[in-house]
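Okay, so here's the structure we're looking at.
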Amino acid sequence: MVGTRNGASPRGASFAELFTPKLVTVLREGYGLADFRADAIAGLTVAIVALPLSRAIAIASGVTPDRGLYTAIIGGFFVSALGGSRFQVGGPAGAFIVLVALTAERHGVDGVILATMMAGVLLIAAGLLRIGAYVKFIPYPVTVGFTAGIAVIIFASQLRDLFGLTLPGHEPGELLPKLAALWRAADTANPWAVALAALALAVMVGMRKLRPTWPGILIGVAVATIAAWALALPVETIGSRFGGIPDTLPAPALPAFSLAKMQAVLPDAIAFALLAAIESLLSAVVADGMTGRRHRSNCELVAQGVANIASPLFGGICVTGLIARTATNVRAGARGPVAGIMHSAFLLVFMLLAAPLASYIPLSALAAVLVIVAWGMAEKQEFWTLVRSSWGDATVLLATFLLTVFRDLTEGILVGFALGAVLFINRMAEATGIETGVPLAVDDRADDADGARVPYDSGLATDPDVVVYRITGAFFFGAASTVGAVLDNIAARHKAFVIDVGAVPLMDSTAANAIHRLAVKAKRQGVRLYITGASRAVRRVLLTHGVRPPLAKYRETIPRALEDVRQLRKPSVVVPMKRPAT
């Protein structure tokens with residue numbers, strides 16, 4: 001039995017196989033000086049990115065900027081040291097801004113810390129109960145919907161600092177009242193704050209296009225800070241609002257708690273745990289797709305739980321795996337979890353040495369950082385693809401998105417999941433039919449659909465570089481993870497790969513997205529991918545999600561695809577410069 005895409009192990013796996021941290025696995029495989037050098041460079045790269053982001057996320061969450069650094073240092077260390085992914089980087093996430101801000105508003109910072117620790121306990125329990133594999137049942141439109149909704153809320157939360165507005169009272173938390181209050185305060189806009197934000201944005205966007213390997217976010221914040229200091233501009237800074245950042249880690253301390261307090265913050269703790277599980281496992285899946293590795297989902301949940309208990313002990317907030325920083329870690333050449341540990345170590349050094357300088361950072365520059373983050377996490381292309389794909393996917397997506405923006409993140413996820421389940425039942429009902437006039441026993445038929453006899457090719461039958469995989473039955477979000485893992489594993493070992501979907505009555509957006517990721521990986525590895533037997537409805541879903549030539553070639557039958565492979569493998573055939581006609 002093959003493990004699922006998100007790291008679920010076979011049913012008979014031992015406790016050690018499920019929960020051994022990847023750090024132990026990497027060290028057992030052999031870890032040398034070259035590996036450490038690569039991990040140190042990757043860790044430094046990620047730390048440079050995380051330094052301004054951690055502060056900005058903490059401020060947007062309604063807590064002081066030092067708590068963001070504590071979260072990245074302490075939480076990030078435990079995520080990498082105990083986690084089930086080789087490349088996962090942990091810290092404060094933009095996705096938590098809304099939840100943390102609302103919890104802080106209702107229960108104070110002590111309530112945030114208590115809810116975070118309770119969420120850690122829930123995550124450990126979920127991992128030990130082996131619930132990690134079930135995150136795969138969250139439909140793709142739900143994931144895209146709540147991520148886009150969070151991006152909108154983050155952007156709206158930064159308008160005050162972005163324009164330097166002065167509000168007469170407390171800034172509302174709900175979106176529409178917030179926008180109304182900001183509009184009424186529009187005449188208080190600070191042109192210098194706007195100019196610094198524009199400068200930081202221009203530098204960050206320019207660096208991303210001209211020097212994508214350079215730390216554009218850090219450079220943009222540094223340029224805006226130097227300009228504000230050199231010109232003595234009248235703008236609000238970290239120092240003027242928060243009094244600076246401590247230059248040392250605080251001593252660990254338990255928050256004040258009682259049974260009544262725990263009951264009050266329990267809903268927030270459940271929301272923290274749910275979002276941390278989803279974000280961290282999605283991040284681990286992204287790292288798997290980039291590297292071809294496999295993470296241990298339940299081990300990852302346990303590590304996230306430990307991190308969310310340890311972080312608030314030192315004054316931090318919620319911790320989760322971070323997709324952007326994990327991807328940066330992979331692209332920077334990380335070899336294993338030591339890179340994430342080094343990221344935490346470098347952040348600690350930065351805090352010890354450069355904390356006084358942070359007081360001069362303009363809040364409008366940090367707001368510009370979060371505008372870039374919100375733009376990047378909005379998944380705009382995926383959003384519009386799902387809107388166009390089908391009415392069902394669009395309904396699930398928009399319901400999740402709108403509820404996240406105007407109501408509550410947890411409510412958006414739950415309603416989106418319920419709608420996705422109802423949609424699947426409806427699709428299965430539509431796909432179920434009764435064939436009439438079909439005899440119980442049918443005559444033998446020729447090999448090909450048009451009646452032509454296909455010559456037997458023993459080379460293809462025994463060729464280790466060619467494999468045919470048939471998918472049978474409804475291919476939907478519940479099966480996409482398992483099938484995706486099998487396909488991924490097969491594709492990595494062959495030169496030609498045929499996926500037959502002739503027996504697939506329906507395919508949803510989650511499954512199509514899994515095939516698209518496989519097609520991208522196959523193209524990157526030089527594997528020819530053929531899809532055969534696709535009905536008009538299945539092909540439409542695949543094409544909508546980008547599974548089109550040259551990523552994949554469509555053929556009516558398996559023999560047609562194998563004939564293409566045979567022609568390409570003939571010694572007399574020279575591969576042309578142009579792509580073969582599809």
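The values are calculated or read from the model by the stated rules, or taken from the named source; none is laboratory data. In this text the structure is predicted, and so the values were computed from the model without any measurement. Positions of Cβ are generated from backbone atoms using ideal geometry, with glycine treated the same way; all protein chains shown enter the neighbour counts.
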Run Val330 past the list (1) in the same structural domain as Ile73 (by TED's automatic domain parsing); (2) in contact with an Asp or Glu (Cβ under 9 Å, 6 or more places away or on another chain); (3) hydrophobic (A, V, I, L, M, F, W, C); (4) in a helix (DSSP H, G or I) and report the number of the one that doesn't hold. (2)
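Got at least one residue in segment 295-305 being over 20 Å from the mean Cα position of the chain (by Cα), farther than 30 Å from Thr166 by Cβ and buried (at least 18 other Cβ atoms within 10 Å of the Cβ)?
For segment 295-305, residues over 20 Å from the mean Cα position of the chain (by Cα), farther than 30 Å from Thr166 by Cβ and buried (at least 18 other Cβ atoms within 10 Å of the Cβ): absent.
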Quick one: in segment 204-248, which of the residues that are hydrophobic (A, V, I, L, M, F, W, C) and within 17 Å of Ala60 (Cα to Cα) is nearest to the chain's Cα centre (by Cα)? Ile217
Note on segment 511-553: residues assigned to a helix (DSSP H, G or I), touching a strand residue (DSSP E or B) at 6+ places or on another chain (Cβ under 9 Å) and in contact (Cβ under 8 Å) with a residue 24 or more places away in the chain are Ala511, Ala512, Ala514, Ile515, Leu518, Ala519, Ala522, Lys523, Ala537, Val538, Val541, Leu542
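Rundown of residues vs (1) of a type in the set (A, V, I, L, M, F, W, C); (2) within 22 Å of Thr385 (Cα to Cα); (3) outside the structural domain of Tyr140 (by TED's automatic domain parsing); (4) at pLDDT 85 or above, yes/no style:
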{"position": "Ala492", "(1), (2), (3), (4)": "yes, no, yes, no"}
{"position": "Asp500", "(1), (2), (3), (4)": "no, no, yes, yes"}
{"position": "Asn513", "(1), (2), (3), (4)": "no, yes, yes, no"}
{"position": "His516", "(1), (2), (3), (4)": "no, yes, yes, yes"}
{"position": "Arg524", "(1), (2), (3), (4)": "no, no, yes, no"}
{"position": "Gly533", "(1), (2), (3), (4)": "no, no, yes, yes"}
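Suppose we keep only residues that are of a type in the set (Gly, Ala, Ser) and assigned to a loop (DSSP other than H, G, I, E, B) within segment 230-286. Which one would you say is farthest from Phe350 (Cα to Cα)? Reasoning before the result, please.
Step one: list which residues in segment 230-286 are of a type in the set (Gly, Ala, Ser), which gives 230, 232, 239-240, 243-244, 251, 253, 256, 258, 260, 264, 269, 271, 273, 276-277, 280, 283-284.
Then drop every residue that is not assigned to a loop (DSSP other than H, G, I, E, B), which leaves 232, 243-244, 251, 253, 256, 258.
On the way: Ala232: 25, Gly243: 18, Gly244: 14, Ala251: 19, Ala253: 23, Ala256: 30, Ser258: 36 Å.
Among those that are of a type in the set (Gly, Ala, Ser) and assigned to a loop (DSSP other than H, G, I, E, B), it is Ser258.
Residues that are among the polar types (S, T, N, Q): list the helices (runs of 4 or more DSSP H) wholly contained in segment 39-134 that include at least 1 such residues. First the steps, then the outcome.
Values: elements: 65-70, 76-82, 97-128.
In segment 39-134, 76-82, 97-128 are the helices (runs of 4 or more DSSP H) which contain 1 or more residues that are among the polar types (S, T, N, Q).
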Is it the case that segment 122-139 has a residue that's at pLDDT below 85, buried (at least 23 other Cβ atoms within 10 Å of the Cβ) and over 20 Å from the mean Cα position of the chain (by Cα)? no
Based on this model, can you work out whether Pro362 counts as crowded, with 24+ Cβ neighbours inside 10 Å and either β-branched (Val, Ile, Thr) or out of contact with any strand residue (DSSP E or B) (no Cβ under 8 Å at 6 or more places or on another chain) (or both)? no
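Every residue, every condition in (1) over 27 Å from Asp66 (Cβ atoms); (2) at pLDDT 80 or above, yes or no:
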{"site": "Leu218", "(1), (2)": "no, yes"}
{"site": "Pro246", "(1), (2)": "no, no"}
{"site": "Pro252", "(1), (2)": "no, yes"}
{"site": "Ala256", "(1), (2)": "no, no"}
{"site": "Phe272", "(1), (2)": "no, yes"}
{"site": "Thr291", "(1), (2)": "yes, no"}
{"site": "Asn298", "(1), (2)": "yes, yes"}
